[in-house]
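All of the numbers you see were taken from the coordinates with simple rules; none came from a lab. Computed from a predicted structure; not experimentally measured. Using ideal geometry, Cβ is built from the backbone for each residue, glycine included, and neighbour counts are taken over all protein chains shown.
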């Protein structure tokens, strides 16, 4: 009984549906542009909680996106504190650009069906 949401067999290429959800796990962090700070974590968290049991591929991408965005959130909070000494503006800009580029790279990898690990990401969700 194979359906569009059934788990893929180990070693099999992810389905189109799985690749789409893997990509959405990364791109859902763009909710942070609408709801500052917490939005970057809420999007990947919703995808991870709703899709982690249906597909190992989607679960892995959503978990990676969640861990990376938690790391970015912590970095953003540190940048906010550092604005008191004016270096936070520069670091915050660099963090935003890095977040955007890394998120797009991860989304592209997921849409191609490849695994992806963010560099310099805390692994808080296991």
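Which residue out of 74, 100, 66, 81 is farther than 30 Å from residue 18 by Cα and either part of a helix (DSSP H, G or I) or out of contact with any strand residue (DSSP E or B) (no Cβ under 9 Å at 6 or more places or on another chain) (or both)?
On the way: 74 fails: farther than 30 Å from residue 18 by Cα; 100 fails: farther than 30 Å from residue 18 by Cα; 66 fails: farther than 30 Å from residue 18 by Cα.
Result: 81 is the single residue among 74, 100, 66, 81 that is farther than 30 Å from residue 18 by Cα and either part of a helix (DSSP H, G or I) or out of contact with any strand residue (DSSP E or B) (no Cβ under 9 Å at 6 or more places or on another chain) (or both).
Within the stretch 43-63, how many residues turn out to be in contact (Cβ under 8 Å) with a residue 12 or more places away in the chain, surrounded by fewer than 22 Cβ atoms within 10 Å (Cβ to Cβ) and in a helix (DSSP H, G or I)?
Residues meeting the conditions: 6.
Does residue 107 satisfy the condition of being part of a helix (DSSP H, G or I), in contact (Cβ under 8 Å) with a residue 60 or more places away in the chain and crowded, with 21+ Cβ neighbours inside 10 Å?
Numbers: part of a helix (DSSP H, G or I): yes; in contact (Cβ under 8 Å) with a residue 60 or more places away in the chain: yes; crowded, with 21+ Cβ neighbours inside 10 Å: yes.
Spelling it out, residue 107 is indeed part of a helix (DSSP H, G or I), in contact (Cβ under 8 Å) with a residue 60 or more places away in the chain and crowded, with 21+ Cβ neighbours inside 10 Å.
Considering (1) more than 14 Å from the chain's Cα centre (by Cα); (2) buried (at least 18 other Cβ atoms within 10 Å of the Cβ); (3) farther than 18 Å from residue 124 by Cα, say which one residue 27 fails and leave the rest.
Among (1) more than 14 Å from the chain's Cα centre (by Cα); (2) buried (at least 18 other Cβ atoms within 10 Å of the Cβ); (3) farther than 18 Å from residue 124 by Cα, residue 27 violates only (1).
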